[in-house]
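To keep things clear, I will list the structure first and then write my remarks on it.
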Amino acid sequence: MPSAPLPVVPSDCLLCGTCCFSDLPEYIRVFGVDHDRMDDDARALTEFIGNRCYMRIEDGHCAALVPDPETRRFVCSIYPMRPDACRSLDRGTSACLGELTLKQDRPPLALEALVRKNRSG
């Protein structure tokens with residue numbers, strides 16, 4: 001049985017954003033060292049579930065992700081303070097390819113939803 005072709009890895013993570021998408025509230029773990037690195041604005045985007053901290057998920061993606069429908073870019077609003085889980089995911093790695101394989105349809109759908117929302121008011 002032939003294997004499925006690997007997804008195309010964008011030349012720039014800002015054109016992708018796929019790894020920031022999830023419906024799971026416990027998706028991006030924020031450890032103590034991460035929390036200490038964050039300022040108050042970044043910490044406001046986290047939530048504790050039990051005694052563990054995570055980045056808050058809003059509209060199907062990390063609350064720190066800022067999708068821009070005009071430039072079609074995905075910017076992390078806390079990039080210099082992002083959690084180690086985000087820092088460790090490098091473009092083009094097997095983890096990146098896994099994210100793309102499972103969720104590459106989510107960023108374009110999010111952009112289209114923002115365009116519709118902006119048009120309606």
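Structure above, values below:
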read-out: Environment charge of MET81, counting only residues whose C-beta is closer than 13 Å and scoring Lys/Arg +1, Asp/Glu -1; value: -2
read-out: Relative packing of 88-97, 73-82, which averages over residues the other C-beta atoms within 10 Å, highest first; value: 73-82, 88-97
read-out: Calculated P(r) tail over 20 Å for the stretch 54-121, as whole % of Cα pairs; value: 35
read-out: Under the Debye formula (equal points on every Cα, no solvent term), log10 I(q)/I(0) of the chain at q = 0.10 Å⁻¹; value: -0.33
read-out: For the stretch 58-66, Karplus couplings with θ = phi - 60° (6.51, -1.76, 1.60), whole Hz, Gly/Pro x; value: 10, 6, x, 8, 4, 5, 7, 6, 10
read-out: Gap separating the Cα centres of the stretch 1-35 and the stretch 54-79, nearest whole Å; value: 12
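Every number in this text was worked out from the coordinates using simple rules, so none of it is lab data. Note that the structure is predicted; figures quoted are calculated from it, not measured. Glycine also receives a Cβ, built like all others from the backbone with ideal geometry; neighbour counts cover every protein chain displayed.
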